[in-house]
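Please treat every number below as a calculation from the coordinates, not as lab data. Keep in mind that what you see is a predicted model, and the values were worked out from it rather than measured. Using ideal geometry, Cβ is built from the backbone for each residue, glycine included, and neighbour counts are taken over all protein chains shown.
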Amino acid sequence: MIKIGERIDNRYRITGRLGTGGMAEVFEATDIIAHKIVAIKVMREELLDDSQNVLRFEREATACAAMNHPNIIHVFSRGEVDSRPYMVYEYIKGQTLHEKLEFLTQLTVYESCQIMIQLLDAVSYIHKHGIIHRDIKPQNIFYLADGTVKLADFGIAVDANLDETKTEKGILGSVFYLAPEICAGKAPTIQSDIYSLGVTFFELITGRLPFEEAHAVDVAVAHVRKPFPSTTKYTPSVPKEIDKIILKACKKNPKERYKSADEMLAAVKSAMDNKDNFKEKKSILKRIFGFK
């Protein structure tokens, strides 16, 4: 058991516990060499016997350590403590978008577009480096006080060049954000991430998910069979140009979606350049707390 005050690799002094998830415990620590606060994610001991769990944890550490982008959480180092793999990453003072949405219900269209521009730039970066995230959702996106977003949790990310037969079996990722082809048991592609981005965009603007069936299997079936709803069904004030972007990102057929995150990014930027789309630019966060 890792204790407060303990040192890891004679460099990181544990100063607090930030939380525990399904895969790992997360601690706050001080890097006594770099003189800064960091976060340390340590795999839960009871999961060590499952090689797939260890693989996912190590894959996340490897993927993040190789990336350098302002909207992707940065991993500084990795190692083992008491035979448990760990990774050291930047300490983020903020909440996830999921937590923000729980408090605010929904964001303005303008603020949602600002978030999506950063997120799309990050996803474009990982795609160009041959990585498919596979689990894009508000729970895996941090929102900082200055409006910066950070994409995290690459635990089930895969190499875009891997053959389908070499990927893990079964459906991984949150079913509410999964592309129809993933729900149908097919291999993930770049367009699968595009779909998840579209669902996230939909949720930011409407404050709800496109499909909210009670059971996971019913949600999966809905992704495959039910028409994707328009944002205007729930938020009538959404500009048509923005609604079209989301509907295109969430087409059932992957070939009908945006070919890349860059293409979707260009569409969002173009929509933001149209002043008629945004009558109210002041964010909900600014109106409530006084910051952007």
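Things to note:
- Between 0 and 90°, nearest 10: helix 240-249 axis offset from the chain longest Cα axis: 50
- Applying 0.36 nm per residue to the separation of residue 215 and residue 77 and subtracting their alpha-carbon distance, the gain on full extension is 45.8 nm.
- Helix 216-225 vs. the chain, principal-axis angle (Cα, 0 to 90°, nearest 10): 40
- Scaled radius of gyration (Cα, divided by 2.2 N^0.38 Å) that segment 1-140 gives: 1.13
- Residue-wise HN-Hα coupling along segment 91-101, computed from phi with Karplus coefficients 6.51, -1.76, 1.60 (Hz; x: Gly, Pro): 7, 10, 9, x, 10, 7, 4, 4, 5, 5, 5
- Each distinct pair of alpha carbons in the chain adds a 1/r term; the inverse of their mean, the Kirkwood radius, is 20.0 Å.
- Fewest-first ordering of 248, 41, 275 by other beta carbons within 10 Å of each residue's beta carbon gives 275, 248, 41.
- Sum of -39500 (n - 2.57) over DSSP H runs of 4+, divided by residues of the chain (222 nm, nearest 500): -11000 deg cm²/dmol
- Among the listed pairs 100/150; 186/233; 93/240; 128/150; 93/128; 93/150, a Cα-Cα separation exceeding 23 Å is found for 186/233; 93/240; 93/128.
- Between residue 225 and residue 17, residue separation times 0.36 nm minus the direct Cα-Cα distance comes to 70.6 nm.
- Sequence ranges 260-272, 18-30, ranked by mean other-Cβ count within 10 angstrom, highest first: 260-272, 18-30
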